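Taking it in order: structure first as C-alpha cells, then the write-up.
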Amino acid sequence: MEERNVEELERRFQEKIDNDIRIEPNDWMPDRYRETLIRQISQHAHSEIVGMLPEGNWITRAPNLRRKAVLLAKVQDEAGHGLYLYSATETLGADREETIDDLHSGKAKYSSIFNYPTLTWADMGAIGWLVDGAAIMNQVPLCRCSYGPYARAMVRICKEESFHQRQGFEIMTQLAQGTPQQKEMAQDALNRFWWPALMMFGPSDGDSKHTQQSMRWKIKRHTNDELRQQFVDVTVPQAELIGLTIPDEDLKWNEELGHYDFGPINWDEFWNVVAGNGPCNKDRIDTRRRAKEEGEWVREAANAYAEKRRMKKAS
Amino acid sequence: MNALFEYLLRVGDDSLILGHRLSEWCGHGPILEEDIAMTNIALDLVGQATSILKYAGEVEGKNRSEDDLAFLRFDRDYRNLLLVEQPNGDFGMTMMRQFLFDAYRKPLFEQLTNSSDSQLAAIAEKSLKETKYHLRHSAEWTIRLGDGTEESHQRVQEALDTLWRYTPEMFIDDEIESELRKTGVTFSVEELHASWTKIAKEVFDEATLVIPDNNWEQSGGRKGYHSEHLGYILAELQYMQRAYPGMKW
Amino acid sequence: MAKKEWPLWEVFIRNKQGLSHKHVGSLRAADAEMAVENARDVYTRRSEGVSIWVVESNHIHASHPADADALFEPAHSKVYRHPTFYDVPDGIEHM
C-alpha cells in the first residue's frame, strides 16, 4: 500500500517535470531528487566561494584603479552567488553550516579549476574569459532547471555574470595588443588555463554517473560533452581574433560536422585534481577553514548581543 | 607648495590605503554576508580615491593621472593617516579602525559639502552618502562586539587601546588647513574633532568600551613619515606598475 | 555548547516606487538591523531596490501544497468573475 503510494507520487512528480511545471520547496519530491539537487547546488555554491580565492589573490596587485574596482566587484559577486546558491540549498532542508563543513572536510567537491594557481595578472583575463565563459555555458540552461529556487538563483546569477566574461576578455585583448612581454603573458595564461577549462564541464558522457537521471529530472539540460563542444566552438574564433593560439595541436575545423575537433583531455590529471592532488587544493580549503574558524568568535558575539537585546526588550 | 593639492592627497590617500586594507579581507570574512559588506566598503573607498586623486592631478597641473598618483609615488609622498595603514589584525581590529575613521570622515564630508571649491564639494556630497552607511555598519559592529561575549569585548577593547594613539593625527591643524580655511575650502578642525568625540563617546558607551587614558600620540603620515607597514602595502599596490613600467592594462 | 547559526531571514525588495515588495532570496543575520544591511549589500548591488523588508523565515506561515486543490481549484469554475465572461454588443468600446 505504502509502496504503491510512493510510486504514484513519483509518477505524478515525473509528469509535472515532463510538463515543465516547476517544483517548489514544499512540494513532494523523491529523496534522490532532493539529494541530487543538494549535492549539485552546494557543489556549485562551494565553487563560487572557493573561486573567490584565485582571483582574490590579485586584488591588492591589480595594475590600475579601474581594474582593481572591477576585480573587487567581480570577486564580491562570486560571494553573492555563493550566497544565493546556499539559500537555494536551505530551501531543501540542507543547513548552510553543515553544507560548508562538508566542503572543509573534503566530503563535498567544487570545481577543479580553482585548484590551479594564478601566477600573473594575465590569469585574471584567462579566468574571466575561459572559466566564466565555461561557467556561463553550464549555467544558462540551468535557468530552466526543474527546481524553482535553483532556477531563480541561476537567472539572477547569469544576469550578473554577463560582465565577468567580458572584463576577462577585455584584459586578454589589452594584453594581446600590448608589448611583446604582455602578449607572452597572455599566451602563457591561455596555455595554462585552456585544458583545465575544458575539464570544467566534467567527465565524458560515458563516465558521468549522474547525467542520465539528472536529465530526466531536468536538473541538467545538456550533457557534459555537448557543452564542452559548444564552448570550444565559441572560444576558438575569439582566440584567433585577438591573435592568441589555443594550445592544442589536434585542434581543427571539421567541415562535415560543423564543429572543431580537439585533442584528448588528460582525465588522469582531472581525477587527480578532483581527488585532492591539484597544486592548490590544500591551500584553498585551509584558507576557507581558517576564515570560518577565525570568524567563530564574531558570529558568537553577534548572537550574544542579539540575545541580550531581546531580553532587555522583554523585561 | 599647492595647499589644495596637498589636502586632496590626504583625503585621497586615506581612501586608497584603507580601501587596500579592506580589500585584503575579500574571501576571508567571518561570514559570507560580512565578506560582501566589507568589499562594498572597499569598493566605495577605491571609488573615492579614484575621483579625489583624479582631481588632485588636475589641481597639480603636471599631467599626472589618478593612476600615476596612486601607483607611482614614493613612500614618503603618501599623505594618509597612520591609522588607515595599520594591519587588519582580527575582525575586531578592522572594525575598530573602520569606526574610528568613519566617525571622522562623516563630519569631515559634511563640512566639505559646503566647500567653496565646487568640485571638492561635489566629491564630498557623493562620499558622504557612502560614509554614512560605513559609519552605521562599523558603529553597529563596535557595539555588538563590545557588548557581545567576554571574548569579543576583550578583543575589541584591545583594538581600541592599540589604535587610540593614531586618532589625534586626524585633527592636526597645520598650515595647509589654515591656508585653505581662509578661502572657505575647508573648515574648523576643532569642530570636526568635537563631532568625532561625540560620536565616539556615544558608541563606546553603548559598547561598554573604555577610552584609554594613554594620550600619547603617533603621527607623521600627513607629512609622509609612515609606519613600516606602508612600504609593504606599496610593494603590492605598485608591483605591476613598477615591474612593467609604462604599459597599459 | 552547540554552536548556534545566525537565524535565516527572507528578503523582499521594492524595485522602484509604485511596485510592491518582491521576494528575492534569503540570508543569515544575527538581528534585524544586520539583516536589512546584509540584504542591501547582497541583493541591491546593482541598484535593484528602493526599499527592503526582512522577515525571519520561521515567522512565515505557508499554505500546504497538499491543500492546493481544495484551496485554489474552486476559483477556477467561477468564470463569471472575469470580464471576458460577458458579451458586449459590437460598437461599444471602452467597457
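Shielding of peptide C:60-67 by partners, expressed as the average count of other chain Cβ atoms within 10 Å per residue Cβ, is 2. Couplings 3J(HN,Hα) of the stretch C:36-43, computed from phi: 5, 5, 4, 4, 4, 6, 8, 10 Hz, in residue order, whole Hz [Karplus 6.51 cos²θ - 1.76 cosθ + 1.60, θ = phi - 60°; x for Gly and Pro].
What's the FRET efficiency of A:Ala275 with A:Arg144 using the Cβ-Cβ distance as r and R₀ = 41 Å, to the nearest 0.05? Working shown, then result.
Values: r = 32 Å, r/R0 = 0.78.
So, using R0 = 41 Å, E works out to roughly 0.80.
Quick check: pseudo-label points 7 Å beyond the Cα along Cα→Cβ at A:Leu257 and B:Asn88, how many nm apart are they? It is 4.6 nm. Sites listed here are trypsin sites (Lys or Arg not before Pro) in the stretch A:131-218 whose DSSP assignment is loop and whose Cβ has at most 10 other Cβ atoms within 10 Å: A:Lys209.
Which whole number in µm²/s is D for the stretch B:21-147 by Stokes-Einstein, with the Kirkwood Rh taken over Cα pairs at 20 °C and 1.002 mPa s?
On the way: Rh = 15.8 Å.
Translational D for this selection: 136 µm²/s.
Mean partner shielding of peptide A:172-179, defined as the number of other chain Cβ atoms within 10 Å of each residue Cβ, is 2. Exposure here means at most 11 other Cβ atoms within 10 Å; with GluC sites (Glu not before Pro) in a DSSP loop as sites, the longest stretch of chain A lacking them is A:1-248.
The lysines whose alpha-carbon is closer than 19 Å to the alpha-carbon of A:Lys74, local same-chain residues fewer than 8 away aside, are A:Lys159.
Past the 14 angstrom mark, what percentage of all C-alpha to C-alpha distances in the stretch A:226-315 do you count? Everything past 14 Å amounts to 79 percent.
Given R₀ = 51 Å, what would the calculated FRET efficiency be for A:Arg32 paired with A:Glu249, taking r from the Cβ atoms and rounding to 0.05?
Working: r = 43 Å, r/R0 = 0.84.
Calculated value: 0.75.
With a cut-off of 16 Å on the backbone N, the residues of the stretch A:217-240 near the modelled label site 7 Å out from A:Gln177 along Cα-Cβ are A:238-240.
The mean count of C-beta atoms from other chains within 10 Å of the C-beta of residues in C:30-39, rounded to a whole number, is 6. Just so you know, the averaged projected area of the alpha carbon convex hull for the stretch C:8-85 sits at 7.6 nm².
By average Cβ neighbour count within 10 Å, what is the ranking of B:165-171, B:201-207, B:60-66, A:118-124 from highest down?
Values: B:165-171: 19.1, B:201-207: 16.4, B:60-66: 13.6, A:118-124: 22.4.
Ranking, from highest mean packing down: A:118-124, B:165-171, B:201-207, B:60-66.
Distance between the C-alpha centres of the stretch B:168-220 and the stretch B:1-68: 21 Å, rounded to the whole angstrom. Taking a Cβ cut-off of under 15 Å around B:Gln218, the surrounding Lys, Arg, Asp and Glu residues balance to a net charge of -1, with basic ones at +1 and acidic ones at -1.
Above 30 angstrom, tally the Cα pairs of chain B and express them as a % of all pairs, no decimals. Please list the in-between numbers first.
Numbers: 7142 of 30876 pairs.
Every Cα pair in chain B considered, those over 30 Å come to 23 percent.
Sites listed here are chymotrypsin sites (Phe, Trp or Tyr not before Pro) in the stretch A:14-84 whose DSSP assignment is loop and whose Cβ has at most 14 other Cβ atoms within 10 Å: A:Trp28. Looking at the square roots a ≥ b ≥ c of the eigenvalues of the Cα gyration tensor of the stretch A:75-193, which shape do they give, rounded for a/c under 1.5, prolate if a/b is larger than b/c, or oblate? Taking the square roots of the gyration eigenvalues as a ≥ b ≥ c, the stretch A:75-193 is prolate. Taking θ as phi - 60° and the Karplus parameters 6.51, -1.76 and 1.60, the scalar couplings of the stretch A:264-269 work out to x, 8, 7, 6, 4, 4 Hz in sequence order, x denoting glycine and proline. With the simple spin-label model, which puts each label point 7 Å out from Cα in the Cβ direction, the A:Leu9 to A:Leu241 separation comes to 5.1 nm. With only Cα atoms counted, the stretch A:1-68 has Rg and Dmax values of 21.1, 69 Å. Note on the protein assembly as shown: Cα-only Rg and Dmax are 27.8, 92 Å. Over 10 Å intervals from 0, what percent of Cα-Cα pairs in chain A sits in each interval? For chain A, the pair-distance distribution reads 5, 24, 32, 23, 12, 4, 1, 0. Select from chain A the helices, each a whole stretch of DSSP H, whose alpha-carbon atoms run 15 Å or more along the helix axis and whose Kyte-Doolittle mean is at least -1.0; answer none if there are none. Counting only whole DSSP H runs, the qualifying helices are A:31-50, A:65-90, A:148-176, A:180-199, A:224-241. Projecting label points 7 angstrom from Cα along Cα→Cβ for B:Gln218 and A:Asp268 puts them 5.5 nm apart.
Between the beta carbons of B:Arg242 and A:Asp283, assuming R0 = 30 Å, the FRET efficiency works out to 0.70 to the nearest 0.05.
Bear in mind these aren't lab numbers, they're just calculated from the coordinates by the rules spelled out. Note that the structure is a prediction, hence the values are computed from the model and not measured. A quick note on method: Cβ atoms are made from the backbone with ideal geometry, for glycine too, and the neighbour counts reach across all protein chains shown.
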